[in-house]
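What follows is one structure encoded as structure tokens, with my remarks underneath.
The numbers here are math on the coordinates, done by the rules we state, and not lab data. Model, not experiment: these values are computed from the prediction. Don't worry about glycine lacking a Cβ; one is built from the backbone with ideal geometry, like all the others, and counts go over all protein chains shown.
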Amino acid sequence: MQATLRIIGRHGLDGVTHRAVATQAGVSLGAVTHHFGTRDVLIEAALQFALAREVGRLRALALGLQGKAFEVEAWIDALVDFYVSELSQEAETHIACYEAFLAAARQERYRPVVAEWFDTWRQSAELALKAAKSPNSRRHAEVFVSALIGLLFRQLATPRASFRREAKAELLELVASLIGRK
């Protein structure tokens, strides 16, 4: 699955072939075609794998913060630090995620995977914003997730050394305005 995600991150969905995945993964072509009969099954399995990974990490982050006295700044710090690490180590996987978003815009079969992804992001943010006393945690979570996705996409497209500092400041400012703190 990682090999497929790397290919998607480098070449888009069109770059995924059984042969390319086998080569990238260092396994036989027969093994890939046996487990994933069609290219679409292979792509969907890779996207589901990425989703499960992201969902698990977001939930672990939310639960880790839930057990402590909630502080918005600690949540933003942990979230941004998590993504700084992710983007430096797994950029191609995250680029593959954005490819999945585009694929869902074009093809309905990818929409359930992407919808679950967004829902998990929203649920995680909603938990944090509810703890921060947001008057409308669900709507505010939607706005927060949209901003976060945009910041991550911008960093992938045009990397900046100041990303950590700027993203933390921008997200803190957003949350403060959403929950009515100055």
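Per the helix-only calculation at 222 nm, which mean residue ellipticity applies to the chain, given -39500 (n - 2.57) for every DSSP H run of n ≥ 4 and division by its residues, nearest 500 deg cm²/dmol?
Numbers: 9 runs with 146 residues, N = 182.
The helix-only estimate for the chain comes to -26500 deg cm²/dmol at 222 nm.
Between 0 and 90 degrees, rounded to the nearest ten: what's the tilt of helix 111-131 against the longest Cα principal axis of the chain? Once rounded, the angle reads 20 degrees.
Over all other residues within a Cβ to Cβ distance under 13 Å of Met1, the charged ones net out to -2, with Lys and Arg as +1 and Asp and Glu as -1.
Rg then Dmax, both in Å and based on the Cα atoms of the chain: 17.8, 60.
Net charge in the neighbourhood of Ser88 (other residues with Cβ under 12 Å of its Cβ; Lys, Arg +1, Asp, Glu -1) is -3. When the charge dipole of segment 40-179 is built from unit charges on Cβ atoms (+1 for Lys and Arg, -1 for Asp and Glu) and taken about the Cα centre, the candidate among Phe101, Gln48, Ala125 whose Cα reaches farthest toward its positive end is Ala125.
Rounded to the nearest 20 debye, the dipole size of segment 40-179 about its Cα centre is 320 debye, using +1 on the Cβ of Lys and Arg and -1 on the Cβ of Asp and Glu. Of the trypsin sites (Lys or Arg not before Pro) found in segment 1-110, those that fall in a DSSP loop while having at most 11 other beta-carbon atoms within 10 Å are Lys68. Each of Ala25, Leu174, His11 was placed along the dipole of the chain (beta-carbon charges, centred on the mean Cα), and the one lying farthest toward the positive end is Leu174. Per-residue 3J(HN,Hα) values for segment 151-160, derived from phi via the Karplus relation 6.51 cos²θ - 1.76 cosθ + 1.60 with θ = phi - 60°, read 5, 5, 4, 4, 5, 5, 6, 9, x, 10 Hz in sequence order (x marks Gly and Pro).
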